[in-house]
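Working notes for the structure below.
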Amino acid sequence: MGEYEDASSRYRVEVLPWAEIGVGGIAFSEGPAQRTLPWSRILHALAAYVGEPEGVCTIVFDLVVERKETECLVCRFDAEPGEPARTVARALLGGLGRARCSRSLAELAAEGVPTRSYADLDSLAEASLEELGL
């Protein structure tokens with residue numbers, strides 16, 4: 001029997017602190033410095049509702065920046081559900097184009113609600129690997 005490999009070892013996440021969408025990509029803080037993840041570096045963007053409807057929840061945006069045969073690296077940030085998340089989704093869709101955005105992200109931009117929903121980040125990682133065909 002093969003070794004068990006959990007999703008977190010194949011779906012590596014780097015959080016983008018204080019992420020803001022700009023003309024050239026996603027600006028974020030790295031210590032005291034301000035950096036930008038350029039649009040050209042983002043291979044695919046995903047969006048999902050994470051949390052419990054009656055509890056703490058957020059809209060998570062995962063930006064795939066590296067993809068190998070069985071794993072990927074994503075840069076992650078989040079937004080409050082509702083209009084704040086919809087605004088982010090529209091900006092990502094505009095910066096990346098429809099071909100590099102998931103259906104869930106496109107639905108969030110159009111309707112204000114992503115089509116993907118998970119109770120926790122581990123479930124999100126597992127489903128994202130599947131969606132990406134990894």
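Filter segment 65-80 down to residues that are under 21 Å from F28 (Cβ atoms) and not hydrophobic (A, V, I, L, M, F, W, C) and give me whichever is least open to solvent (accessible area, probe 1.4 Å). Spell out how you get there, then give the answer.
Kept after step one, since they are under 21 Å from F28 (Cβ atoms), are these residues of segment 65-80: 65-67, 72-80.
Cutting the leftovers down to not hydrophobic (A, V, I, L, M, F, W, C) gives us 66-67, 76, 78, 80.
Working: E66: 60, R67: 120, R76: 29, D78: 94, E80: 123 Å².
Filtering first and then ranking leaves R76.
What about E71, is it without any contact (Cβ under 8 Å) to a residue 24 or more places away in the chain, touching a strand residue (DSSP E or B) at 6+ places or on another chain (Cβ under 9 Å) and under 19 Å from E126 (Cβ atoms)?
In short, no.
Taking T87, is it modelled with pLDDT of 95 or more, of a type in the set (S, T, N, Q) and on the phi < 0 side of the Ramachandran plot? Break it down into steps so the answer makes sense when it comes.
On the way: modelled with pLDDT of 95 or more: yes; of a type in the set (S, T, N, Q): yes; on the phi < 0 side of the Ramachandran plot: yes.
Taking the combined requirement at face value, the residue satisfies it.
Go over the candidates V23, V64 one by one and state the one that is touching a residue at least 40 places away in the same chain (Cβ under 8 Å) and either over 25 Å from S9 (Cβ atoms) or β-branched (V, I, T) (or both).
Details: V23 fails: touching a residue at least 40 places away in the same chain (Cβ under 8 Å).
None of the other options fit; the residue is V64.
Looking across segment 81-100, the residues that are of a type in the set (A, V, I, L, M, F, W, C) and surrounded by 14 or more Cβ atoms within 10 Å (Cβ to Cβ) come down to A85, V88, A89, A91, L92, L93, L96. Can you tell me how many residues within segment 6-33 are touching a strand residue (DSSP E or B) at 6+ places or on another chain (Cβ under 6 Å) and open to solvent by 90 Å² or more (accessible area, probe 1.4 Å)? Total satisfying the criteria: 4.
The values are calculated or read from the model by the stated rules, or taken from the named source; none is laboratory data. Just so it is clear, the structure is predicted and the values come from calculations on it, not from any experiment. Note that each Cβ is placed from the backbone with ideal geometry, even for glycine, and that neighbours are counted across all protein chains shown. Quick note on the areas: whole protein, heavy atoms, side chains included, nothing else; ligands and nucleic acids left out. Shrake-Rupley method; radii C 1.70, N 1.55, O 1.52, S 1.80 Å.
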